[in-house]
Structure formats: structure tokens, C-alpha cells
Amino acid sequence: MHVLVLGGTTEARRLAGLLVAALPAGARVTSSQAGRVTGPRLPPGEVRIGGFGGVEGLAAWLRTHQVDALIDATHPFAGTISFHAAAGAAAAHVPLLALRRPNWVPGDGDDWHPVASLAEAAEALPPLGARVFLTTGRTGLAAFAGLDALWFLARSVEAPEPPYPARLEVLLDRGPFTLDGERELIRRHHIDVVVTKDSGGAATAPKLAAAREARIPVVVVRRPPVPAGVTVAATPELAVSLLRERLGHGA
């Protein structure tokens, strides 16, 4: 048996470990990572780095390596690979599951401003604040490059490349983050608006609680949909259970 996990997330690493432990002796678990981050945290099992060459390349890889099941455990905003996974799995006749963290949900006291894209987030910012905590990753800063009147603190794992806002300070850091740390960051930099993607999960959620306490607005970019017809598991444990059922190995 051979399971391919499209990963790179914390949940994908957990999933790979659970699969290695749960599947029968001799089963293979291969995690595929895009290779966009230097020195990634590698999961248990086999690891491959790099793309597949689109839908046809993925389908060919699934056939050549005799993959019995594919699990899309990529980031909720890695929309292109998710649709490639659905099309490639269908072409190769390989069962597909998607592992997705539950969406964040606003609570009492939250001042959230949902938008559909980073471009809409940039349009929404000027009336909301002048000092922006930008937590959308290093590849999306171009959407905010024209907002010269605003000051940005951008947090990312690796340094961004231009174009990006003229008034920008970069904070290189990797989650999980703490509530105390997020409170201090907002206080120290006089942040008055936060921009985030609806990534879900606990690792980066403390910024939302800190923004609520500070009574500052949060612009939330909605995540893209999972391809139609794809079964979604909210946790690695549920993904393993669903996979075992599909492959006829019980719950």
C-alpha cells in the first residue's frame, strides 16, 4: 500500500506520523512538499520535494509509483494544488481526501471585515487604520504595495521579495505564537488594524484574541473552496479513519 500526502503544514506532518503508525507493515507513506521554505520540518516516512508538473504530471506520478490513496493536506490557501489534486486523482482513479483545519469563527467583541482576496483587503484598509499588522505570508505583499500612507509590520517565515509597501518592517518568525507575545507586538508597534487569511488552527490564532482585547479591526481573507465532491476531514485522526474505511481496513 502506498499513500501520498500533499503537505507542508503542521497537520500534514502529524498525519504522516499517524499513517506510518496505523497502516500495515510494509505500507509506504510519502509526503510531498513544494520546497518554497528553506529548511522545512520533515515528516515521518518518505519525503519528496518539488512540484509534479500540473495535473498530468501528478496523475503520471500516482500511476508510476502505484499510489493507492492521495491526501491533500496542503495549506487552506494553496488553491491551485488542491484543484490539481482533484483532477489528477480522478485521472489516475485514486481515492482522494482533503485535510482542512476548521475555519476561524468570530466571537463576541470581534470586529472582523471579511474579504474575498488580498486585493480586497488592501482596498478595505485605509478607513480602518494606519498601522497594519500583516500576517498573510511573504508572497502576497504586492497587493499592498500602493498604500504609501500606511505603515506595515509583515510577519513571515522568510524574507519577502518586492514589490511590497514602501513603509514596511519585516518580522521573521514562525508559529506557534502566544497570546502574551501577540499582545506585546500590538502594543509595541501601535498596531491599529490586523490583516490575516482565514487559515484556521491554533498556531496563529492568538493574534485574533489579542486584536479583540485591543478592540482593533481584523480584515479576514476568506479561504478558497475545496474542489466539489472531495471528502474533507477536519483533523489528521479523522483523515486516517476515513482512509482506512475507504481502503477496506476498518476504522
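Residue by residue, here is whether (1) among the β-branched types (V, I, T); (2) not in a strand (DSSP E or B) holds:
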site: R183; (1), (2): no, yes
site: I186; (1), (2): yes, yes
site: I191; (1), (2): yes, yes
site: G200; (1), (2): no, yes
site: A203; (1), (2): no, yes
site: L208; (1), (2): no, yes
site: V220; (1), (2): yes, no
site: V226; (1), (2): yes, yes
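Answer with yes or no whether L168 is in contact with a strand residue (DSSP E or B) (Cβ under 6 Å, 6 or more places away or on another chain), open to solvent by 30 Å² or more (accessible area, probe 1.4 Å), at pLDDT 95 or above and of a type outside the set (V, I, T). Here the answer is yes, as L168 does meet what is asked.
Kindly provide the set of residues from the range 171-194 that are of a type in the set (A, V, I, L, M, F, W, C) and open to solvent by 90 Å² or more (accessible area, probe 1.4 Å), ordered by number. Within the range 171-194, just L172 meets the criteria. Residues that are open to solvent by 70 Å² or more (accessible area, probe 1.4 Å) and of a type outside the set (A, V, I, L, M, F, W, C) are absent from the range 152-160 altogether.
Residue-wise test of (1) within 21 Å of V170 (Cα to Cα); (2) open to solvent by 40 Å² or more (accessible area, probe 1.4 Å); (3) out of contact with any strand residue (DSSP E or B) (no Cβ under 8 Å at 6 or more places or on another chain).
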site: G200; (1), (2), (3): no, no, yes
site: T204; (1), (2), (3): yes, no, no
site: E213; (1), (2), (3): no, yes, yes
site: R223; (1), (2), (3): no, yes, no
site: E237; (1), (2), (3): no, yes, yes
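Out of T80, T74, T64, one residue alone is open to solvent by less than 30 Å² (accessible area, probe 1.4 Å) and closer than 30 Å to G17 by Cα. It is T74. Evaluate the following for A130: is it of a type in the set (G, A, S), buried (at least 19 other Cβ atoms within 10 Å of the Cβ) and modelled with pLDDT of 95 or more? When the stated conditions are applied, A130 does not pass them.
Residues checked against (1) within 23 Å of V232 (Cβ to Cβ); (2) outside any helix (DSSP H, G or I); (3) not assigned by the TED database to the domain that holds F177:
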position	(1), (2), (3)
G17	yes, no, yes
P24	no, yes, yes
L42	no, yes, yes
V55	yes, no, yes
V67	yes, yes, yes
H84	yes, no, yes
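The values are calculated or read from the model by the stated rules, or taken from the named source; none is laboratory data. Since the structure is predicted, the reported quantities are computational estimates derived from the model, not experimental observations. No Cβ is skipped: glycine too gets one built from the backbone with ideal geometry, and neighbour counts run over all protein chains shown. SASA here: full protein model, heavy atoms, side chains in, ligands and nucleic acids out. Shrake-Rupley method; radii C 1.70, N 1.55, O 1.52, S 1.80 Å.
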